[in-house]
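Reading through the structure tokens given below for one structure.
The values are calculated or read from the model by the stated rules, or taken from the named source; none is laboratory data. Just so it is clear, the model here is predicted, and its values are computed rather than measured. Areas reflect the complete protein model, heavy atoms only, side chains present, ligands, DNA and RNA absent. Shrake-Rupley method; radii C 1.70, N 1.55, O 1.52, S 1.80 Å.
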Amino acid sequence: MRFLWVGLAGAIGAIARYSIGLSVDQSRFPWATMGINLSGAFLLALFLAVALGHLPVSVMTPIAVGLIGGFTTFSTFAWEAFTMSKTGRPGPVLIYVAVSVCGGLLAAWAGYSIGRAVY
């Protein structure tokens, strides 16, 4: 049954990601993917900081793996960074990779810190 809940939650996360991607102009820079991944890192850390030890795995897994995992997208980040690197403009791709990786770690730290402080 957990597989079904993970799949349903993953569909919701993927639809949310797709909707955001459609509503944000990404013709010059992958703003939507970066924002999705940064907010996803924050939300996952916040959720797990609060949920670990308080919610059963049967509840945490669909939310963490399904919903938030379906929302975020490392593969799109990698593809966008790769294709940006082929444009001959190293500045934007370096900014994208640095902000995505370092910003993701900072977002996770912030989510964890807030989650621990609140709960």
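A Gaussian network model of the chain, with springs between Cα atoms under 10 Å, assigns the largest mean-square fluctuation among TRP79, TRP31, TRP109 to TRP79. Enter the angle in degrees (range 0 to 90, nearest 10) between the Cα long axis of helix 74-85 and the first principal axis of the Cα atoms of the chain, meaning the one along which they spread out most. Helix 74-85 and the main axis of the chain meet at about 10 degrees. Take the alpha-carbon centre of segment 21-68, take the same for segment 88-116, and report the distance between them in whole Å. If we compute the Cα centre of each part, the gap is 14 Å. Using the Karplus relation 6.51 cos²θ - 1.76 cosθ + 1.60 with θ = phi - 60°, the per-residue 3J(HN,Hα) values for segment 111-119 come to x, 4, 4, 5, x, 5, 6, 7, 10 Hz, with x marking Gly and Pro.
Note: relative contact order over the chain, using C-alpha pairs below 8 Å and six or more positions apart, is 43 percent.
Taking the helices alone, the chain has a mean residue ellipticity at 222 nm of -25500 deg cm²/dmol, built from -39,500 (n - 2.57) per DSSP H run of at least 4 residues and averaged over all its residues.
Of the Cα atoms belonging to segment 1-90, the radius of gyration and Dmax stand at 15.1, 49 Å. Viscosity 1.306 mPa s, temperature 10 °C: Stokes-Einstein D of segment 39-119 from its Kirkwood Cα radius, in µm² per second? D, rounded to a whole number, is 114 µm²/s.
Structure remark: mean-square fluctuation, Gaussian network model of the chain, C-alpha springs under 10 Å; the largest value among PRO62, PRO92, PRO30 belongs to PRO92.
When the chain is treated as a Gaussian network with alpha carbon springs shorter than 10 Å, the biggest mean-square fluctuation among ILE15, ILE63, ILE36 belongs to ILE15. Solvent-accessible area of the chain (1.4 angstrom probe, protein heavy atoms only): carbon and sulfur portion equals 75 percent.
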